[in-house]
Amino acid sequence: MNRKRYIEPFEPAQIRRLVAEFGSPLLIVDCARVRAQFRALQRALPGVDLHYALKPLPHPAVVQAVAAAGGWLDLATTGEVQLAARLGIDPGRCIHTHPIKRARDINNALAYGVTTFVADNPDEVRKFRAYAGRASLLLRVSFRSPGAICDLSRKFGCDPEQALELARLGARLGIGLRGFSFHVGSQAADAAKHVEAIEACAALLAAARRGRLGQCDTLDIGGGFPIGYDAPATGISRYCAPIRRALARLPRRVRVIAEPGRFIVGPAAIGVATVMGRAQREGHWWYYLDDGIYGSYSGQLYDHARYPVGVLREGVLLPSVLAGPTCDGIDVIAEALQLPKLNIGDLVIGRQMGAYTWATASTFNFFPKATIVVVNRQPGDAGGV
Ligand SMILES: *Cc1c(COP(=O)(O)O)cnc(C)c1O
């Protein structure tokens with residue numbers, strides 16, 4: 001394999017070649033697309049340090065691609081800390097953002113060298129009394145977000161009205177206050193929630209500074225930057241325009257960071273599954289694939305996503321159903337599809353499948369998770385699987 005040449009891994013010939021080499025089901029991860037997504041968001045949010053949130057696809061190649069592109073990391077669990085440590089990532093470029101942590105999670109992150117943590121309630125702030133002088137906090141504030149497809153505002157974050165009280169508690173205990181953070185939820189139609197949250201947090205930063213409650217120089221605007229699934233999303237630069245305007249009004253000394261997950265990896269991977277069998281039922285062709293709702297398509301349940309699916313064959317379109325391999329009735333990927341008649345062994349491609357797919361897959365019924373195949377690891381690199 002020529003390792004210097006860039007390949008387009010989402011083209012039919014390459015998909016067939018990779019399945020012939022690595023089997024099925026596959027998740028083909030294109031690091032060139034990871035880098036392109038990272039750069040696009042960097043252009044849309046100039047001056048903002050982007051911490052890739054590992055949760056949507058915690059794969060070493062993605063972490064390395066982000067790091068090589070100049071990115072930072074958002075770690076939330078001990079497993080993610082261990083992955084970053086194993087890859088030799090500079091811990092100074094990592095923050096720990098889980099609002100609820102066990103002592104061992106804090107200790108593991110500190111031992112690695114991460115010093116910035118997130119808290120959103122008094123008990124969590126008190127946990128840091130033991131680490132005063134060694135760790136500083138971002139306080140996570142919650143802004144109700146009913147418009148987001150994935151709303152995080154109920155489970156995490158304190159009310160904006162409680163944030164200063166929390167900051168005062170931290171100051172009394174001698175814990176450094178870095179600033180405030182929020183996550184407005186994922187896949188919102190526009191950036192209105194981001195703007196509302198930025199403005200509220202700017203006021204909190206100013207008040208905390210006036211009250212001498214700590215360094216208060218960081219605003220973390222979270223993740224949630226959208227991608228298109230069935231319909232193309234608004235271009236990221238247009239989506240971020242109101243955010244750029246809101247950030248431009250912040251005092252110069254405020255450092256702004258973000259925690260993008262989905263946007264970085266969603267478009268960077270496709271799922272490839274194989275037809276294991278087929279049957280005609282009630283006027284539809286049912287195709288049973290070797291990947292499904294309990295595997296890479298788990299995001300259709302957990303993440304409320306609908307991945308665009310297609311096949312590598314042309315022909316007369318017939319009403320069709322794509323089902324997963326398990327014996328469970330809910331394991332159906334898509335119904336009321338129009339597809340050419342497929343044969344056993346044909347490939348089915350799911351697009352936009354990098355985020356919250358493989359990461360949430362299970363091995364229910366002993367069907368293994370898709371094999372991850374990484375291409376274009378380095379700029380100009382075709383191999384490196
Ligand atoms: C999941 C998560 C993210 C990433 O969110 P996206 O919507 O995928 O961008 C960022 N920060 C925190 C704290 C998260 O839990």
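Summary table below
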| read-out | value |
| --- | --- |
| Hey, Ile372 farther than 30 Å from Ala36 by Cα, touching a residue at least 60 places away in the same chain (Cβ under 8 Å) and aliphatic (A, V, I, L, M) or not | no |
| In segment 228-245, the residues that are over 19 Å from the mean Cα position of the chain (by Cα) and among the charged types (D, E, K, R) | Arg238, Arg244, Arg245 |
| Residue in segment 73-92 that is modelled with pLDDT of 95 or more, more than 24 Å from Ile372 (Cβ to Cβ) and surrounded by 18 or more Cβ atoms within 10 Å (Cβ to Cβ) present | yes |
| Enumerated strands (runs of 3 or more DSSP E) restricted to segment 309-359, each holding at least 1 residues that are charged (D, E, K, R) and surrounded by fewer than 21 Cβ atoms within 10 Å (Cβ to Cβ) | 332-340 |
| Lone qualifier among Arg126, Arg144, Arg172, Arg168 - being of a type in the set (D, E, K, R), at pLDDT below 95 and away from the ligand (no atom under 16 Å from the Cβ) | Arg144 |
| Selection count where residues are acidic (Asp, Glu) and either in contact with a Gly (Cβ under 7 Å, 6 or more places away or on another chain) or within 16 Å of the ligand (Cβ to nearest atom) (or both), scope segment 204-253 | 2 |
| Tally, over segment 308-331, of residues that are out of contact with any helix residue (DSSP H, G or I) (no Cβ under 7 Å at 6 or more places or on another chain) and closer than 21 Å to Tyr229 by Cα | 9 |
| Breaking point among (1) buried (at least 20 other Cβ atoms within 10 Å of the Cβ); (2) assigned to a strand (DSSP E or B), for Gln280 | (1) |
| Any hit, segment 130-137, residues being within 16 Å of the ligand (Cβ to nearest atom), under 20 Å from the mean Cα position of the chain (by Cα) and crowded, with 23+ Cβ neighbours inside 10 Å | no |
| Candidates Pro260, Pro267 - the one that is closer than 23 Å to Asp217 by Cβ and either away from the ligand (no atom under 16 Å from the Cβ) or not hydrophobic (A, V, I, L, M, F, W, C) (or both) | Pro260 |
| Residue check for Ala44: in contact (Cβ under 8 Å) with a residue 24 or more places away in the chain and surrounded by fewer than 22 Cβ atoms within 10 Å (Cβ to Cβ) | yes |
| Candidates Ala305, Ala279 - the one that is assigned by TED's automatic domain parsing to the domain that holds Ala359, within 26 Å of the chain's Cα centre (by Cα) and among the aliphatic types (A, V, I, L, M) | Ala305 |
| Odd one out for Val19 among (1) crowded, with 18+ Cβ neighbours inside 10 Å; (2) within 19 Å of the chain's Cα centre (by Cα) | (2) |
| Residue in segment 147-165 that is farthest from Thr116 (Cα to Cα), counting only those that are modelled with pLDDT of 90 or more and within 14 Å of the ligand (Cβ to nearest atom) | Lys155 |
| Condition check for Ser298: outside any loop (DSSP other than H, G, I, E, B), small (Gly, Ala, Ser) and in contact (Cβ under 8 Å) with a residue 12 or more places away in the chain | yes |
| Residue selected from segment 109-129 under the condition closer than 24 Å to Asp49 by Cα and of a type in the set (S, T, N, Q), by the criterion farthest from the chain's Cα centre (by Cα) | Thr115 |
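Every residue, every condition in (1) assigned by TED's automatic domain parsing to the domain that holds Ile243; (2) assigned to a helix (DSSP H, G or I); (3) touching a strand residue (DSSP E or B) at 6+ places or on another chain (Cβ under 8 Å), yes or no:
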| site | (1), (2), (3) |
| --- | --- |
| Gln37 | yes, yes, no |
| Ala40 | yes, yes, no |
| Pro46 | yes, no, no |
| Leu50 | yes, no, yes |
| Pro56 | yes, no, no |
| Gln64 | yes, yes, no |
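The values are calculated or read from the model by the stated rules, or taken from the named source; none is laboratory data. Fair warning: this is a prediction, and the values are worked out from it, not measured in the lab. As a convention, Cβ positions derive from the backbone with ideal geometry for all residues, glycine included, and neighbour counts pool all protein chains shown.
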